[in-house]
Amino acid sequence: MLMNSGRTYKQGEQLYYKESPEYSEQTSLCFINPIDLFTLGIEEGENIEIKTSTGNTVFRTVACYDLVPGEIFLPCGPYANFILPPNTHSTGAPDFKTLEVEVRPTERERVSAWDLLEYEGGTRYDAPPEGCPTISLEGDKTVTDVLCPLCGCVCDDIELGIRDHRIVSCQNGCLLCNAKFLAKNRLITPIKKTVGGWEKVSYEEAIEYTADVLVAAERPLLFGWSGTHGEAQCIGVSIAELIGGVIDNCSSECHGPSIMAIQEVGHPGCTLGQVRNRADVVIYWGSNPIASHPRHMSRYSTYADGFFLDNSFRNRTVIVFDVRKTETAKVADEFVRVRSGGDYAVFSALRAIIQGKEDVLPKSVAGVAKEELIRISRIMLGAKFGTFFTGIGLTQSRGKYKNVRNAIELVDELNRHTKYTLTPMRGHWNVYGTNQTFTYMTGYPYAVDFSHGVAYYNPGETSAIDMLSREEVDACIIIGSDPGAHFPRACNEHLSRIPTIVIDPFPIMSTAVATMHIPVAMTGVDAEGTAYRMDAVPLWVQKVMEPTQPDDARLLSRIYDAVRKRKGMPQIKGEDAGVFGSPVFSTEK
Amino acid sequence: MMQVMLEAKERKNPNVPIEAEEITPAHFIENRQDLSVWRGNRKVPLEEVFEITINGEASSAEDVEVILTGESGKIKRVGEYMESGIIRIEGDIGMHCGNFMSGGTIEIRGNADAWLGREMRGGTITCHGNAGDYCGSGYRGEKRGMRGGTIEVLGNAGDFTAETLSGGTIIVHGNVGDLSGVEMKGGMFTIHGNASRVCGNMTGGTCMVYGTVTDMLPTFRKVGTREGNNGGIALTEFTGDVANRGKGRLFVHSFTRA
Ligand code: SF4
């Protein structure tokens, strides 16, 4: 059968509670068409074993008519990745979509996410939650217009209630937002892996250890960055340059392919405000915002009234292209089901139709009838202002960036007739920021290799998943990301064999494969800095309370200083490694 | 005639890649003592990584033969910018072998990793095993890839083989991976085995597939049928990629639709 993996709403809600049984429950489900359940001779709720060339693990079935028979859908997370081969076809992103798998009924029970990480060589961290280290100097208060540091929408209208130095209520946000703001299971002190367990250490020891590891390494990798602010990212780039390391961010496995496509044919983009106020045709292609960006449709598209569009719900046409009938597809005006892996062909076909060359096409393309494509192309051409939102359905299925390139070339073609734009649905709140900061500091958006002292970029060669699965990395820092949950198994197995330092406010899956976890303040709660929304609009994310822990920028500055010291270089303030004059460094001392 | 034997020594961490762009015939003529390679982020002298034996003398790079033995599958960029002479690799070779090469010969007995002959201008590469992804391709964001010379792969080649090919010849005796010949602009690309979604977005050049193309793209216009010059295998001729107003020629023996 063909496997696709992706976001579900429930999985997203558990992102900051990964140690909980509920996270294991939500990421070990397998959505499957009832016809396939019947063929397998099992009832919904019974377990199946899914096998690939990499391994096998057990999932619980959930009947789902949104899928075509022969295709299954898994929530992204440690279970799906346990069976994911690390081959990226030299593009940096593995086959999270359109992967051939074997499915069979099983009596075996599911294991927990921690169990999986232990199979991969890790050690679970399941100490009871230690609470939250924040302090509210003003006492109890309500803070309005807070920015949500979760998804690429970076909504700016959140209202937080603070009592006894803790966030106790969260208004206006979606469930994902609530879950993140209300999470209190932070890690308080750095922890170091010992034989069979964990021990608390001081920040000083953690910083010295990190510097020692980085200086000794011949192929160090600094990965993550999308969960932290721009100022910290800049210091990260400086550290990478100093140690001759490779710095890569989460886009290499999500929208990196979109950027590779943009490097080939440009980016016909616009801000979300433009979409909200003008777009009368909105096309979601391979993205399911209801699960991944829950307020995207109400703030910027389907349900958002705009300056030139009142009664948006009636006057906007929403088209969804996807392999399964997602929640978003169900509320759209048009749903076009594309056969898994067939997007490239459909883009080509639409381009041909718009040029008036439909005669060349066969009767159907990737499961879509030619007449249907012609009809949809008329709707597209009828737009005054049309926009494409492309998701990881394109970047993680076969063809990867060439799918996005073909989408952009379709936009080019449409722009000969009317106005069209395209915006990738960036996942993390500041993943676009990583591309911005990396680009202005190094010239390249991600996967930047400083091993020769100059920046070199080649996803597939210098991207994290490829480097880890080739086992070339000999030390790794993970910050603002969780490869333990989102990387193929082979990568985690390698991480568990080398010195790996995790920098994150929460215990995460990657903690298991790390040798050290250093907790930091959380941007948007007790740390502040710049984030770039999915349309590249920079926003200043403020803190709502005071920290008792260093934030990412401060911690990284200390590491930067410690590395310079070891290299016998004159001591400059690590603060200057990043962006000069940034408020983080000028106000906080 | 000068023969340079380079035997890769055992390395403590054999997975850390070696970047060896200085291994070209011309560099040994100059009798340079300062040749070096990169091991991860460390620049080390050539002799730290290789046992070097030099026999004979030569006055021009044309008369130099470099022979690479030992564990060489992680050694990258061998023969980059090479202009003449011969490099023979007894085993496997790492990424970017023969990048930008403009003349001379590289022969690989084993398999080659990705980006074999990337942006090559001239000369000949023969790979007896399999080649990785992006064989004879371009660089990220680049409009044109290989522009001249010949790459012959006796085994299979990976995905995106001959991407943005704009001149020269690529011959693969086995199968090629997905989206091979994508963005092709010129040159000649021959596949004796099977392919999938071949030549997407092509604007020029010629591609022949003597096996089966799976998921043949819908935007190629059938022109006619003819016999290939490969033992008379029947071929259907297409032109395209129509989606890109392309005028490339694609010949396939048989195909299935997406
Ligand atoms: S849509 Fe995204 S940014 Fe907005 S509240 Fe939800 S998670 Fe936060």
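The values are calculated or read from the model by the stated rules, or taken from the named source; none is laboratory data. Please read these numbers as outputs of a predicted model, since none were measured by experiment. All Cβ positions, even for glycine, are placed from backbone atoms using ideal geometry, and neighbour counts span all protein chains on display. Heads up: the accessible areas ignore ligands, DNA and RNA and are worked out on the full protein's heavy atoms, side chains in. Shrake-Rupley method; radii C 1.70, N 1.55, O 1.52, S 1.80 Å.
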Calc'd 3J(HN,Hα), the range A:419-432, phi into Karplus 6.51 cos²θ - 1.76 cosθ + 1.60 (θ = phi - 60°), Hz, glycine/Pro = x, comes to 9, 9, 9, 9, 10, x, 7, 5, x, 5, 4, 10, 6, 5
Shielding by partners, peptide A:382-393 (average Cβ within 10 angstrom, other chains): 0
Calculate how many DSSP beta bridges within the protein assembly as shown are antiparallel, expressed in % of all such bridges and rounded to the nearest 5. 40 percent
Using 26 Å as the Cα-Cα cut-off, could you pick out the over-long pairs in A:10/A:141; A:18/A:192; A:402/B:247? A:10/A:141
Find which of A:65, A:227, A:203 sits farthest along the positive direction of the dipole of the protein assembly as shown, computed with +1 on the beta-carbon of Lys and Arg, -1 on that of Asp and Glu, about the Cα centre. A:65
Give the relative contact order (percent, whole number) for the range A:390-513; include only Cα pairs under 8 Å separated by 6+ residues. 14 percent
Sum of -39500 (n - 2.57) over DSSP H runs of 4+, divided by residues of chain A (222 nm, nearest 500): -9000 deg cm²/dmol
Angle between the Cα long axis of helix A:230-243 and the longest principal axis of chain A, 0 to 90 degrees, nearest 10? 70 degrees
How much accessible area per residue does the protein assembly as shown have, in Å², with a 1.4 Å probe? 33 Å²
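Please list A:396-406, B:105-115 highest first by mean number of surrounding beta-carbon atoms within 10 Å per residue. It would help to have the intermediate numbers written out before the result.
Details: A:396-406: 27.3, B:105-115: 23.5.
The densest-packed peptide leads the list: A:396-406, B:105-115.
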What accessible area, in Å² to the nearest ten, does a 1.4 Å probe give for residue A:241? 100 Å²
Cα-Cα longer than 31 Å, checked against B:76/B:143; A:419/B:143; A:51/A:180; A:180/A:567, kept in input order, equals A:51/A:180; A:180/A:567
Once you keep just the Cα pairs under 8 angstrom separated by 6 or more residues, what percentage relative contact order results for the range B:24-154? 17 percent
Mean other chain Cβ within 10 Å across A:78-90 is 2
For residue B:88, list long-range residues whose amide hydrogen, built 1.01 Å from N in the peptide plane, is under 5 Å from its own amide hydrogen. B:66, B:67, B:68, B:107
Antiparallel DSSP beta bridges within the range B:1-153, percent to nearest 5: 35 percent
With Kirkwood's inverse mean 1/r over C-alpha pairs for Rh, give me the Rg to Rh ratio of chain A, two decimals please. 0.96
Tally Lys and Arg at +1 and Asp and Glu at -1 over the other residues with C-beta under 13 Å from the C-beta of residue A:441: what net charge comes out? -2
Measure nothing fancy, just the Cα-based angle from helix A:370-381's long axis to the longest principal axis of chain A, in degrees from 0 to 90, nearest 10. 70 degrees
Karplus-derived 3J(HN,Hα) from phi for the range B:136-149 (6.51 cos²θ - 1.76 cosθ + 1.60, θ = phi - 60°), whole Hz, x at Gly and Pro, runs x, 9, x, 9, 3, x, 7, 7, 10, x, 4, 10, x, x
Considering the dipole of chain B built from charges on the beta carbon (Lys and Arg +1, Asp and Glu -1) around the Cα centre, which of B:120, B:167, B:96 is farthest to its positive end? B:167
Ranked output for segments A:87-95, A:130-138 by mean other Cβ atoms within 10 Å, highest leading, reads A:87-95, A:130-138
Specify the inter-centroid distance of the range A:74-140 and the range A:328-372, based on alpha-carbon positions, in whole Å. 34 Å
Rounded to the nearest 10 Å², what accessible area does residue B:124 show when all protein chains are kept and the probe is 1.4 Å? 60 Å²
Which whole-number percent is the relative contact order of chain B (Cα, under 8 Å, 6+ apart)? 10 percent
Packing-based ranking, highest mean first, of A:538-551, A:357-370, B:172-185 given that Cβ atoms within 10 Å are counted: B:172-185, A:538-551, A:357-370
If one takes the longest principal axis of the Cα atoms in chain A, at what angle in degrees, from 0 to 90 and to the nearest 10, does the Cα axis of helix A:203-216 lie? 70 degrees
Using the Cβ atoms and a cut-off under 14 Å, what net charge is assigned to the surroundings of residue B:2, where Lys and Arg are +1 and Asp and Glu are -1? -3
Enter the mean number of other protein chain beta carbons within 10 Å of the beta carbon of each residue in B:233-245, as an integer. 4
In the neighbourhood of residue A:312 defined by beta carbon distances under 15 Å, the net charge of the other residues (Lys, Arg +1; Asp, Glu -1) is +3
